[in-house]
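Please treat every number below as a calculation from the coordinates, not as lab data. Just so we're clear, the structure is a prediction, and the values are computed from it rather than from any experiment.
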């Protein structure tokens, strides 16, 4: 099975796991997915992650984060740029997510980073997704 949009698959799996109240989930690993999960961990949306290998396949194990009242740290994930419709922004046009309460993840010439970091470094790029 070939995936046309591995990032949308990652986001859908995280969304479904949160709805089903799972503690962890496994997704096929790639460099881009690793960078996205690294940002989610840095920003406090997931508890942890690790890249392992199972049966010769690289797997990314993501540990989800829930608060005291059992609410997930992530209330929503949304894919912005899709393979059929790419969304690029200049450094001055990076949107704020929920007035700064959420984050957006961009691919820039200097790698994958949050919209805040890209704004600080004066970089534009492709908006992959928004998380809040």
> So how compact is the stretch 77-131: Cα radius of gyration and Dmax in angstrom?
Replying inline: 10.1, 29
>> More than 21 angstrom separation, counting every C-alpha pair in the stretch 1-77; what % is that?
In response: 22 percent
> By how many nm would the segment from residue 59 to residue 9 grow when fully extended, if each residue of separation counts as 0.36 nm and the alpha-carbon distance is taken off?
Replying inline: 16.6 nm
>> Using alpha carbons only, how many angstrom separate the centre of the stretch 15-48 from the centre of the stretch 80-132?
In response: 18 Å
> Once the piece of chain linking residue 75 and residue 92 is laid out straight, how much longer is it, given 0.36 nm per residue of separation minus the C-alpha distance between them?
Replying inline: 3.4 nm
> Given Cα pairs under 8 Å that are at least 6 residues apart, what percent is the relative contact order of the chain?
Replying inline: 22 percent
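Can you compute the helix-only [θ] at 222 nm over the chain? Use -39500 (n - 2.57) per DSSP H run of at least 4 residues, normalise by all residues, nearest 500 deg cm²/dmol. Could the numbers behind the result be given before it?
Details: 3 runs with 33 residues, N = 132.
It comes out at -7500 deg cm²/dmol, rounded to the nearest 500.
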> Once fully extended, how much extra length lies between residue 126 and residue 110, figured as 0.36 nm per residue of separation less the alpha-carbon to alpha-carbon distance?
Replying inline: 4.6 nm
